[in-house]
1. Assuming 0.36 nm per residue, please report the length gained on full extension of the stretch Thr9 to Arg239 beyond their Cα-Cα distance.
2. From the backbone phi of region 76-82, what are the Karplus-calculated ³J(HN,Hα) couplings (6.51 cos²θ - 1.76 cosθ + 1.60, θ = phi - 60°) in whole Hz, Gly and Pro given as x?
3. Kindly provide the helix-only [θ] at 222 nm of the chain, computed as the sum of -39,500 (n - 2.57) over DSSP H runs of four or more divided by all residues, to the nearest 500 deg cm²/dmol?
4. What Kirkwood hydrodynamic radius do you get for the chain when you take the inverse of the mean 1/r over all pairs of distinct Cα atoms, in Å?
5. Taking the Cα centre of each part, how many Å lie between region 32-108 and region 136-167?
6. Using 19 Å as the Cα-Cα cut-off, could you pick out the over-long pairs in Lys91/Lys152; Lys84/Lys152; Lys107/Lys152; Lys60/Lys152; Lys75/Lys189; Lys91/Lys210?
7. What residues have an amide H closer than 5 Å to that of Glu35, excluding those fewer than 5 places away on the same chain, when H is modeled at 1.01 Å from N in the peptide plane?
8. Go through region 168-179 residue by residue and turn each phi into a ³J(HN,Hα) via Karplus (6.51, -1.76, 1.60, θ = phi - 60°); whole Hz please, and just put x for glycine and proline.
Amino acid sequence: MNHLANISTPRATILIPAYNEAAVIGETLRRLTAEMIGGEFELIVICNACHDETANVAAKAAPSATILETETPGKTNAVRLGLKMASAPIKVFLDADLGVDAAAIRKLIAPLETGEALASHGDMTVNLTGCSALVRGFYAVWALNPYLQNGKFGGLFALSGAGCQHVSPLPDVTADDEYISRAFQNDEKAFVRDVIFEVRAPRTLGDLMKIRRRSLRGTRELAALGLPTERPVGAQSGRTILAHLATRPTLWPAALIYFAMMLAVRISLALESPNTAPRWERDNSSRLAIVN
């Protein structure tokens, strides 16, 4: 870590909720802190109901970080705990399995520091290393989704002090990032195009199915709450994707994979009992990509 300067007041607090992320959080933190100036950012890792070495790995990778541990599961609970401890007005929210560096964080918070926006987000790249051909085909078509044209609000984003008040208290919802995104109008959010973070894709169709189920379950939950959205969803997104595919016949085999997966997810959720408690399904296959 670069200690050429010592900043007394952090520019932002970076909150990293983590559930059993021992396999990946070390690399996330090492990349994040590699070029940080001492005291520039406050870093808080919230280990929620972990039963692995997440806390120890995080403490070793980022000795200056505050490590919180709670026995209560749930990402939203972890975020609320982190917000209570945060000292900087600007908050950066980062998933524990994503790759981003300090330079990107500085760019991300710039429009919040100037008052240009209440929230800011960047763009996402998908790392398909080790993924099956079927998963690669799915993402080739998924990348045509129109809502990605304005970046990805999720995984990594930032809120100003006023922006945090806008979404507080954060409720227990599955699609927490999407909930926060929908709390702001488009002109209140800044898309910082040169902030790019990396997400590792699930390696298998089974794990892909899990995260697609969670995504759809979460958006349906928000729709039931009556929360608005300004991005294309559902059939509207499907029509746009089909329009792109009409002129790209090389992607037609991949399109079969994409639409078969989306249909399978909907059928699977339709067959769930209405009394089934909400579940946090996640991909574990991509977390095998990094071993600390």
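Any read-out appearing in this document is the output of simple, stated calculations on the displayed coordinates, not a laboratory observation. Just so you know, these numbers come straight off a predicted model, no measurement behind them.
1. Values: separation 230, 0.36 × 230 = 82.80 nm, distance 4.86 nm.
77.9 nm is the gain from fully extending Thr9 to Arg239.
2. Listing the rounded values in order: 5, 5, 4, 5, 4, 5, x Hz.
3. Working: 10 runs with 116 residues, N = 292.
Rounded to the nearest 500, it is -12000 deg cm²/dmol.
4. Working: mean 1/r = 0.0503 Å⁻¹.
Computed over Cα pairs of the chain, the Kirkwood hydrodynamic radius comes out at 19.9 Å.
5. Between the Cα centres of region 32-108 and region 136-167 lies a distance of 20 Å.
6. On the way: Lys91/Lys152 17 Å; Lys84/Lys152 26 Å; Lys107/Lys152 15 Å; Lys60/Lys152 30 Å; Lys75/Lys189 23 Å; Lys91/Lys210 29 Å.
Beyond 19 Å between Cα atoms: Lys84/Lys152; Lys60/Lys152; Lys75/Lys189; Lys91/Lys210.
7. Residues meeting the amide H criterion: Ala102.
8. With the stated coefficients, region 168-179 comes to 8, x, 6, x, 7, 10, 5, 8, 5, 5, 5, 4 Hz.
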